[in-house]
Every structure is written in C-alpha cells, then in structure tokens.
Amino acid sequence: MTHSPHLSVYTDKAPENDDRALVAQMKTDPNTFEELYRRHVQAVYRYFFNRTHSQNEAEDLTTQTFLAALEALPHYNDHGTFVAWLFSIARRKAADHFRANARQSPQALPDDIAVDSDFLNDVIRTERLQHMAAIFRALPKKDQELIRLRYVAELSFAEMGHVLHRSEGAVKKAVYRIIDRMRKQLEENYE
C-alpha cells in the first residue's frame, strides 16, 4: 500500500467538507466511492495492522470495512463525519474478527525497527520500545483503543469523539492523561 497525501491528520488530510460532497455525489455517481476509499484506506489499514500484526488479516479487514461502508452508504446520515462513521464500522469489524477467532488481539508493538549503524543506540532504542510495548499492553483495552485511534489511525480528537460518542475535549483529555501516565512509567523504568 502506498502513502496518500490525503491521510495524515497532522498535516494535509482532506477536509471533511470534501468527504461530505463526495458522499452526496455518491447518490448519482457510485464511482465517487473510489476517492473516499483512496483518502481513508491507509488509516484503516494501519488501524487493523496494529490490532492484528498480520498483513493478510489487516488487508482482509480493510476490504470488509470498505465493502460494509459501500453497502451502508445509502443509510449514512450526515450528523457526524464520514471518517468517524467509517471507523465505527472498522471497530465493529475488528470486534467481530477477534470474536470469531476466539482469541485476543496481540498488543505488542511491531518488531520491524529501523536499524542504525550505531549498535549502542540500537540496543537503547530496542530496550525502550520493549518497555513502551509492556506499558501499552498493561493499559486497559479502552485506553489502548484511544492510542490506536489517535496515533495509528491518525484520527483527530473531533473524529475520535464521533467514533466513541464522547466530546472532543473528553477524548483529548483522556489521550493526554494516558500519554502522561505512560511517560511517567517509562521514566520510572530508567531511574
């Protein structure tokens, strides 16, 4: 999968108004769904890959999510944002997947760490990532989900609020509290 310039919420993500226009246009031209797909496929894939740590499972779940979205699009109401609606579908697909497989989703962070030429820095980085992974695994599931939606799927706080049916401020505060707790736990490991 290639990176699309319209995916990062931190830089130049496509405005939600453009999504609304495309959704409205879908009523007369179903081919416009392709643009919605292109805008959001990477974020959905990253979310699933972080949950499953399997390229095949992440691709399958991404496909299932977009098929479900395409089928449900005539029933989409414009009360929230399209991306929040899409991630509500993605979260249900993930829950169905793990329930069907009768296993818990792996909580470890990916092991594909870029290797630098400096061995000591590599060891330190690996050790810190292992500590971060352990801290992440120890978080309650709801906190893990907040971190995934923000930093893996790169949703804005407003979009997360729509997905989780919470206010933007409540989501933002919760994420920052989780990050602060994780930072303090990491600092304690190195004291």
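The values are calculated or read from the model by the stated rules, or taken from the named source; none is laboratory data. As the structure is a prediction and not an experimental result, all values here were calculated from the model. For neighbour counting, all protein chains shown are included, and Cβ atoms are generated from backbone atoms with ideal geometry for every residue, glycine included.
Values for this structure:
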quantity: Filtered residues of the stretch 159-191 (kept if surrounded by fewer than 18 Cβ atoms within 10 Å (Cβ to Cβ) and under 15 Å from Phe87 (Cα atoms)); calculated: His165, Arg166
quantity: Enumeration of residues in the stretch 147-178 that are within 20 Å of Gln42 (Cβ to Cβ) and either modelled with pLDDT of 95 or more or assigned to a helix (DSSP H, G or I) (or both); calculated: Ile147, Arg148, Leu149, Arg150, Tyr151, Val152, Phe157, Ala158, Glu159, Met160, His162, Val163
quantity: Candidate set from the stretch 17-41 (those that are assigned to a helix (DSSP H, G or I) and among the β-branched types (Val, Ile, Thr)); member that is farthest from Tyr76 (Cα to Cα); calculated: Val41
quantity: Boolean, Leu36 is among the hydrophobic types (A, V, I, L, M, F, W, C) and surrounded by 18 or more Cβ atoms within 10 Å (Cβ to Cβ); calculated: yes
